[in-house]
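To start, the structure itself, in structure tokens.
The values are calculated or read from the model by the stated rules, or taken from the named source; none is laboratory data. The structure presented is a predicted model; accordingly, all values stated were derived computationally and were not measured. Reconstructed Cβ throughout: ideal geometry from the backbone, glycine too, with neighbour counts over all protein chains shown. What goes into the accessible areas is simple: the full protein's heavy atoms, side chains included, and nothing from ligands, DNA or RNA. Shrake-Rupley method; radii C 1.70, N 1.55, O 1.52, S 1.80 Å.
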Amino acid sequence: MINVNITDDHPLAINGICMMLEDEPDICVTNTYTTAAALKKGMALQQPDVLLLDVKLIDEPGTEVAAYITRVYPEVRVVALTSLDAPAVVKNMMRNGCIGYLLKGTDRVTLIETIRKAYYWEESLDPALHMHIHKVLSPQNELPELTKREKEILQLIVAGDSTQEIAEKLFISPRTAETHRLTLLKKLDVKNTAGLVRMALTLGLVI
């Protein structure tokens with residue numbers, strides 16, 4: 001029996017996955033979670049064979065959760081389950097310990113096959129990603145390294161805060177806030193704030 005846990009901040013998504021798996025005699029969904037915090041608490045008590053993990057949770061980025069789970073519980077096979085198909089996101093989830101990567105629009109057969117492959121430590125990607133697999137494997141497709149302060153500022157920019165508002169919230173000068181914004185533009189290779197927001201959401205850099 002393959003014990004599966006699901007972590008997704010949308011209960012409807014969890015219910016849909018459970019329905020897709022309920023008739024499989026060798027697969028059993030033992031626990032479900034809607035936050036990273038709940039997942040970590042539950043994992044301390046009982047670990048599954050396979051964890052289906054949403055890349056964008058409400059309280060912590062999926063890359064950090066995947067890295068934590070695979071470091072603390074190395075016997076757990078983590079499969080990313082998301083709507084994000086950006087090559088950089090795929091590559092970085094895999095680099096952070098995921099053994100599989102599925103898109104939320106995947107079919108039942110692919111979902112079941114991926115879970116079974118993961119159980120036997122076979123790496124797999126959603127078939128829809130195969131058309132740009134060369135991009136996924138390309139060395140340049142990596143998420144940029146952001147400092148803690150840059151992540152805070154990026155989160156506020158995406159939330160719509162102005163440079164002055166960011167400075168006030170983080171107790172820094174407007175000039176410092178603007179310098180961080182310019183650094184973020186360079187790191188994400190975009191030309192303006194609109195592009196910065198779009199890229200941050202595409203790459204899953206904000207929650």
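Which pairs break 29 Å Cα to Cα here: Lys41/Lys151; Lys40/Lys186; Lys56/Lys187; Lys41/Lys117; Lys104/Lys191; Lys91/Lys117?
Over 29 Å apart, Cα to Cα: Lys40/Lys186; Lys104/Lys191.
Check Ser124: other-chain or 5+ apart residues with amide H under 5 Å from its amide H, H built from backbone geometry?
Answer set, sorted by chain and number: Gly100, Tyr101.
Pop out the ³J(HN,Hα) list for the stretch 152-164 in order, Karplus 6.51 cos²θ - 1.76 cosθ + 1.60 with θ = phi - 60°, rounded to Hz; leave Gly and Pro as x.
3J(HN,Hα) across the stretch 152-164, in whole Hz: 4, 5, 4, 4, 6, 4, 5, 6, x, 6, 7, 4, 5.
Suppose all protein chains stay in the model; what accessible area per residue would a 1.4 Å probe give for the chain, in Å²?
52 Å²
Would you mind working out the magnitude of the charge dipole of the stretch 42-116 relative to its Cα centre, with +1 at each Lys and Arg C-beta and -1 at each Asp and Glu C-beta, to the nearest 20 Debye?
So the magnitude is around 160 debye.
If you plug each phi of the stretch 52-58 into the Karplus form 6.51 cos²θ - 1.76 cosθ + 1.60 with θ = phi - 60°, what whole-Hz ³J(HN,Hα) values come out, in order, with x for Gly and Pro?
8, 10, 5, 6, 10, 9, 6
So, counting K/R as plus one and D/E as minus one, what does the shell of residues with Cβ under 10 Å around Cys28 add up to?
In short, -4.
Hey, what angle do you get for helix 11-21 against the long axis of the chain, alpha-carbon based, 0 to 90 degrees rounded to 10?
Compared with the principal axis, the helix lies near 30 degrees.
On C-alpha positions alone, give me the angle between the axis of helix 62-72 and the longest principal axis of the chain, in degrees, nearest 10.
60 degrees
Can you give me the angle between helix 193-202 and the longest principal axis of the chain, using Cα atoms only, in degrees from 0 to 90, rounded to the nearest 10?
10 degrees
Hey, can you rank 189-198, 36-45 by average C-beta count inside 10 Å, highest first?
For the peptides 189-198, 36-45, the packing ranking is 36-45, 189-198.
From the protein chains alone at 1.4 Å, what is the descending order of accessible area for Asp161, Asp59, largest first?
Asp59, Asp161
With point charges of +1 on the Cβ of Lys and Arg and -1 on the Cβ of Asp and Glu, referenced to the Cα centre of the chain, which listed residue (Thr82, Ala67, Ala38) lies farthest in the positive direction of the dipole?
Ala67
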